[in-house]
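Rule-based calculations on the coordinates, nothing more; no lab input. Fair warning: this is a prediction, and the values are worked out from it, not measured in the lab. Cβ: placed from backbone, ideal geometry, glycine included. Neighbour counts: every protein chain shown.
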Amino acid sequence: MRKPRGNGENMNILDIIGPVMVGPSSSHTAGAVRIGQIARKLLGEEVRQARIGLHGSFLATGRGHGTDRALIAGLMGLAVDDRRIPESFALAKERGLAYCFEAVNLRNAHPNSVKLEVTGVTGRMLEMAAASVGGGRVRVCEIDGLRADFSAEAPTVVVYNQDKPGVVVRVSLKLGLAGINIATMQVYRDARGGHAVMVIEVDQEVPADCIADLERESGIEKVIYLCMQA
Amino acid sequence: MYRSLEEICRTAAEKKMKFWEVIRADDCQERQLSPETSFSQMEAMYLAMKEADAAYDPTLASGSRLAGGDGGKMRAYVDAQDTVCGEFMGRVMERAIKMGESNACMKRIVAAPTAGACGVVPAVLLSMQEKYGFSDEQMTEALYVAGGIGGVIASRAFLSGAEGGCQAEIGSASSMAAGAAVSLRGGDAAKIAQAAAMAMKNLLGLVCDPVAGLVEVPCIKRNVSGAVVALAAADMALAGIVSRIAPDEVIDAMREVGISLPACLRETGEGGLAATPGGARAGERLRKDGGNG
């Protein structure tokens, strides 16, 4: 029954009947919550400050769809069906999360796109651009100024490294030895010999010691592990 | 998920299974789950629909003030027992409006298949459970039927207004609900497919023209028409009426019609009702209020 192509690709029956979510829009509300959640996970700590740039349809109809409140809810780790989403601004005030919204025009971006600059409790910072592509599904398009393209539906390893020979093979070897199968892999860089990022979607959950091990490899600057199920 | 209703019907006949059992078996295979786990997840969706229906608050209004309160009006009208369509259809309409309004007011709903069309399937299913006293297990089986039909539509066409217009959202929801209703009344797989086809045929060409780009006008009231059409299609199928165009070909036609729709009629809020003087005024007022809402 696996169909080779078409819009229903990778969907299952709970994408048809479901998700349970706070309305009014799977793309503008549920998808926005998910983008916030991903930014929080990528940052790896509580968010203290967020500067949020809305693009396209997110800018034009986002307020009426609660996109702004949904993004803040996601940054605080709320789920897509959390009844507190409509009151997320008040909750953010309580929790000491400062935020601001602005209009942005992102180049070649999907109509439902957002750019987030977040700062965590220890001062860690992250810049991320993402799009809500329909049915509550999202794509991360940019991390810290480097291109990326992943859904965060599978466990994902994001490796920041120096652009030099042998890094990719050592990362994939370490994952392989840990019994982890790579489903997809993307590599991007800002310039030859500059900063690079690897986005690796895997079939198994990656243990914390394996991530720590990767971080110790020479040429690797930072490793982020994203598992939205955990 | 299956790519055609014909294949589901063939599998049901060959393996002597019911439509819903074919869909559950496919889900178990696809997500590597036990039948019990799959069933309890689907049952949770039905219970969430019930909970959302019960949680309706007639005093709520959406941020735009374009939506809210109509569910309460419908309930009072049906309670007075003097409706044109009779009490059962009155309750169906009431539930469809209530769920659509709850969605617009940022309450918790079940997207089925989308948030904009979230009122159709529960309006039909909850009202049938009330009328016939079906168990939650039977209702969960019916939800598998709805999901199976929606899966075929997702595979062959689309489920979003941005891609295919409102026919892809309300039309699909109506098609799903029609099949589920037939299944509850004991109709076989072929009749389920016929009901799905007839509901879709009756909503073919429906455009997505939301005022101010919001999931409110006309989306909420279209949930009513989706639910009513679903039940009419179910009764036609149960009477033995068949679609002259094969069910899978009806879905293919929905795809072709959707592709032919100009962008202004695919959720951009630039055509149809959104572009009327009244629709444009509402959009303008919301923009002045500071980014609608």
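Check each of the trypsin sites (Lys or Arg not before Pro) in region A:167-208 and keep only those in coil by DSSP with at most 13 other C-beta atoms within 10 angstrom; list them in order. Numbers along the way, then the final one.
Working: sites: A:170, A:174, A:189, A:192; in loops: A:192.
When the trypsin sites (Lys or Arg not before Pro) of region A:167-208 are filtered for loop state and at most 13 Cβ neighbours within 10 Å, A:192 remain.
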* Between A:17, A:182, A:85, find the one with the highest GNM mean-square fluctuation for chain A; connect C-alpha pairs within less than 10 Å. => A:17
* What is the magnitude of the charge dipole of chain A about its Cα centre, with +1 placed on the Cβ of each Lys and Arg, -1 on the Cβ of each Asp and Glu, and no other charges, expressed in debye to the nearest 20? -> 400 debye
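Give me B:145, B:207 sorted ascending by neighbouring Cβ count inside 10 Å, so fewest comes first.
On the way: B:145 29, B:207 22.
Ascending number of Cβ neighbours within 10 Å: B:207, B:145.
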* **Cβ charges +1 (Lys, Arg) and -1 (Asp, Glu), total dipole of the protein assembly as shown, debye** => 820 debye
* Going by alpha carbons, how many degrees (0 to 90, nearest 10) lie between the helix axis of B:219-238 and the longest principal axis of chain B? -> 30 degrees
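If the limit is 27 Å between Cα atoms, which of B:73/B:131; A:93/B:50; A:174/A:222; A:115/A:222; B:15/B:201 go over it? If you can, show how the numbers build up before the last one.
On the way: B:73/B:131 21 Å; A:93/B:50 33 Å; A:174/A:222 15 Å; A:115/A:222 21 Å; B:15/B:201 29 Å.
Over 27 Å Cα-Cα: A:93/B:50; B:15/B:201.
Suppose we keep just the DSSP beta bridges with both residues in region A:20-144; what percent of those would be antiparallel, to 5?
Working: 22 of 28 bridges.
Antiparallel: roughly 80 percent of the beta bridges in region A:20-144.
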* Structure fact -> With Cα coordinates, the longest principal axis of chain A makes an angle with the long axis of helix A:31-43, in degrees rounded to 10, of 40 degrees
* To do: Pull up the DSSP beta bridges for chain A and report the antiparallel fraction as a percent, rounded to 5.
  => 90 percent
* Asked: Among A:101, A:122, A:134, which residue has its Cα positioned farthest towards the positive end of the charge dipole of region A:20-144, with +1 placed on the Cβ of Lys and Arg, -1 on the Cβ of Asp and Glu, and the dipole taken about the Cα centre?
  -> A:134
* Under 13 Å from the Cα of residue B:191 - aspartates and glutamates, other chains or at least 8 residues apart -> B:6, B:235
* **Positive-end residue, region B:5-283 charge dipole about Cα centroid, Cβ charges, pick of B:190, B:180, B:85** => B:85
* C-alpha long axis of helix B:120-132 to longest principal axis of chain B, angle in ° -> 60 degrees
* Might you report the magnitude of the Cβ-based charge dipole of chain B about its Cα centre, with Lys and Arg at +1 and Asp and Glu at -1, to the nearest 20 debye? => 480 debye
* Residue with peak Gaussian network fluctuation, chain A [Cα springs, cutoff 10 Å], from A:198, A:21, A:11 -> A:11
* To do: Give me B:33, A:59, A:54 ranked fewest to most by other Cβ atoms within 10 Å of their Cβ, as a rough exposure proxy.
  => B:33, A:59, A:54
* Structure fact -> Highest GNM mean-square fluctuation among A:53, A:66, A:123, for chain A with Cα springs under 10 Å, belongs to A:123
* **Sparse-neighbourhood loop sites, trypsin sites (Lys or Arg not before Pro) in region B:1-47 - DSSP loop, at most 12 other Cβ within 10 angstrom** => B:15, B:16
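Give the order of B:9, B:264 when sorted by the count of other beta carbons within 10 angstrom, beginning with the fewest.
Details: B:9 21, B:264 16.
Lowest to highest Cβ neighbour count: B:264, B:9.
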* Asked: Which of A:22, B:226, B:68 sits farthest toward the positive end of the charge dipole of the protein assembly as shown, with +1 on the Cβ of Lys and Arg and -1 on the Cβ of Asp and Glu?
  -> B:68
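By the scheme Lys and Arg +1, Asp and Glu -1, what is the net charge of all other residues having a beta-carbon under 12 Å from that of residue B:193? Could the numbers behind the result be given before it?
Working: positive: B:10, B:191; negative: B:6, B:7, B:188, B:248, B:249.
After counting each charged neighbour, the total is -3.
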